[in-house]
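Written out below as structure tokens is the structure these notes cover.
The values are calculated or read from the model by the stated rules, or taken from the named source; none is laboratory data. All figures in this text were calculated on a predicted structure; none of them were measured in a lab. Heads up, the Cβs are rebuilt from the backbone with ideal geometry, glycines too, and the neighbour counts pull from every protein chain shown. Please note that ligands, DNA and RNA were not included when accessible areas were found on the heavy atoms of the full protein model with its side chains. Shrake-Rupley method; radii C 1.70, N 1.55, O 1.52, S 1.80 Å.
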Amino acid sequence: MAAIIMDGKTLAAKIKGQVRLRTEGMARKPGMAVVLVGEDPAALAYEAGKRKDCQECGIYYDTFRLPRTVSQEDLLEVIGALNGREDIDGILLLLPLPRHLNEREAVLAIRPDKDVDCVNPANLGQLLLGGEGFKPCTPAGVMRLLKEYGVDPAGKHCVVVGRSHVVGKPQALLLLEENGTVTVCHSKTPDLGAECRRADILVSAAGRPGLITGDMVKEGAVVIDVAMNLDAQGGLCGDVAFEAVAPKASFLTPVPGGVGPVTRAVLMENTLTAALRHGKG
Ligand code: NAP
């Protein structure tokens, strides 16, 4: 069997098109602000991507580039000012922050109703309770891909590789919410291969190129590669050995073009949701 390749670009275009359609009819447009500390080229590229996404979706966009040496006080002041601005519905603070800054305090400062990337513990807590808060964009994007391709986690054995706050843990919760039976693996898991071979749905978010080899995948499994790693040539690659896994999996995401674009589209959708909750329409 050759896997069906899950096309994240097409799904992202569909989601963004729906957002665009909704914002076109709005008298007061949704607004997003990105706060970027430092000059990291990857973060700058990421920020440029958000600007483009917002333009495509009819979302007002503002960006705050703060020097690497910014003080905690000044960073909190910027976040506080954005919290108070009516034209801004979503705040995205690019992480990680330089070491001298207190990241926990910074994410706590983002008003939960503007926390469209779900980094504030208030929204992460809502996730645990199955509440109405924003869901983190990457795990939510994975769920959208599964739904788009008719993959229902209910009754399936789901294995998540990675336990970070941004991907692994929330992913496990979202799969559980959809009635999957979930195993979470990490760097101390003794026999990763054995765990992965039990998976009907395997989600890898370890950030280790080639970690998931063909022999670690059950025949017919759905394999979602969240990772975005750089290969030896500087190109983008995931955790999954694509060529070896494709003949065994039933569905498989490519890197690039899989989870990444859907993550970006979900962020736009969350910003629209925030605006609607703020009474814009
Ligand atoms: P992270 O914070 O570094 O977490 C990586 C997780 O993988 C950790 O829990 C770690 O275990 C586990 N791990 C590492 N090596 C392992 C191994 N050999 N076997 C089993 N588990 C292992 O990374 P992250 O922020 O979650 O991101 C993970 C990947 O997803 C990265 O490649 C990142 O670029 C990508 N990503 C993609 C998107 C997207 O939109 N597609 C969004 C966010 C992140 P320990 O906890 O034991 O250390």
Problem set entry | Expected-Rg normalisation [2.2 N^0.38 Å, Cα atoms] applied to the range 66-176 | 1.22
Exercise. Size of the range 1-108 along its principal axes in angstrom, Cα-based, largest extent first?
Worked result: 51, 45, 22
Problem set entry | Taking only Cα atoms of the range 219-281, radius of gyration then Dmax in Å | 16.3, 50
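Quote the FRET efficiency, to the nearest 0.05, computed for Ala2 versus Ser164 with a Förster distance R0 of 35 Å and r equal to the Cβ-Cβ distance.
Working: r = 31 Å, r/R0 = 0.89.
About 0.65, to the nearest 0.05.
Mind checking the per residue accessible area of the chain for me, 1.4 Å probe, whole number of Å²? It would help to have the intermediate numbers written out before the result.
Details: 12960 Å² over 281 residues.
For the chain, the per-residue accessible area is 46 Å².
Show me the ranking of peptides 249-260, 270-281 by mean Cβ neighbours inside 10 Å, starting with the highest.
249-260, 270-281
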Problem set entry | Cross-link table Lys52/Lys169; Lys16/Lys280; Lys135/Lys218; Lys135/Lys248, entries beyond 26 Å C-alpha to C-alpha | Lys52/Lys169; Lys135/Lys218; Lys135/Lys248
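Of the heavy-atom accessible surface of the range 106-212 (probe 1.4 angstrom), what whole percent is carbon and sulfur? Can you show the working numbers first?
Details: 2550 of 4720 Å².
Ligands and nucleic acids excluded, carbon and sulfur reach 54 percent.
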Problem set entry | the range 1-60 - Rg and Dmax from Cα coordinates, angstrom | 15.2, 50
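So what's the chain giving for Cα Rg divided by 2.2 N^0.38 Å, two decimals?
Taking the Cα Rg and dividing by 2.2 N^0.38 Å, one obtains 1.01.
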